[in-house]
1. Considering only region 24-38, how many residues are open to solvent by 100 Å² or more (accessible area, probe 1.4 Å) and either closer than 13 Å to Pro76 by Cα or in contact with a Phe, Trp or Tyr (Cβ under 9 Å, 6 or more places away or on another chain) (or both)?
2. Which of the residues that make up region 39-57 are open to solvent by 60 Å² or more (accessible area, probe 1.4 Å) and either among the β-branched types (Val, Ile, Thr) or farther than 23 Å from Ile70 by Cα (or both)?
3. Lys82 fails exactly one of the following numbered conditions: (1) modelled with pLDDT under 85; (2) open to solvent by less than 70 Å² (accessible area, probe 1.4 Å). What is the number of that condition?
4. In region 32-68, how many residues are touching a residue at least 12 places away in the same chain (Cβ under 8 Å) and farther than 18 Å from Asp87 by Cα?
5. For Phe21, only one of the following conditions fails: (1) open to solvent by less than 20 Å² (accessible area, probe 1.4 Å); (2) outside any loop (DSSP other than H, G, I, E, B). What is its number?
Amino acid sequence: MAIPRKGTRKISIDGKAYRWFAQVDSDYFTKSFIIESIDDDRYCVTGGFEYQHDLVISPCIIEQAVQQAIEGGWEPGVSQVKKFIIDITKIAI
């Protein structure tokens, strides 16, 4: 399922283009993000952090999330897993 294009940002990692979106969840306890390949939006990566006022989900964090997902077996456009949850503890903030 594709994420809406409005409000998303683009990032290129290792020559591949991705679209991502970050938000504060409605419970105000977490900040989450969704990443998908621009070429094939059927499969996405999701993640989140415990809410911290000064935490900004930046392109650097998104790049680390994509790299971790790929290392874990995510293949945009090929992977049969529709959502690949990354290990937030391994992301350098």
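The values are calculated or read from the model by the stated rules, or taken from the named source; none is laboratory data. A quick note: this is a predicted structure, and the numbers were derived from the prediction, not measured. With ideal geometry, Cβ positions are generated from the backbone for all residues, glycine too; neighbour counts draw on all protein chains shown. These accessible areas exclude ligands, DNA and RNA; they are computed on the full protein's heavy atoms, side chains included. Shrake-Rupley method; radii C 1.70, N 1.55, O 1.52, S 1.80 Å.
1. The number of residues fulfilling the criteria is 2.
2. Across region 39-57, the qualifying residues are Glu50, Tyr51, Gln52, His53, Asp54, Val56.
3. (2)
4. 6
5. So Phe21 meets the others, but not (1).
This table checks each residue for (1) assigned to a loop (DSSP other than H, G, I, E, B); (2) at pLDDT 85 or above; (3) not aliphatic (A, V, I, L, M).
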{"position": "Ile3", "(1), (2), (3)": "yes, no, no"}
{"position": "Ile34", "(1), (2), (3)": "no, yes, no"}
{"position": "His53", "(1), (2), (3)": "yes, no, yes"}
{"position": "Ile62", "(1), (2), (3)": "no, yes, no"}
{"position": "Ala65", "(1), (2), (3)": "no, yes, no"}
{"position": "Thr89", "(1), (2), (3)": "no, no, yes"}
{"position": "Ala92", "(1), (2), (3)": "yes, no, no"}
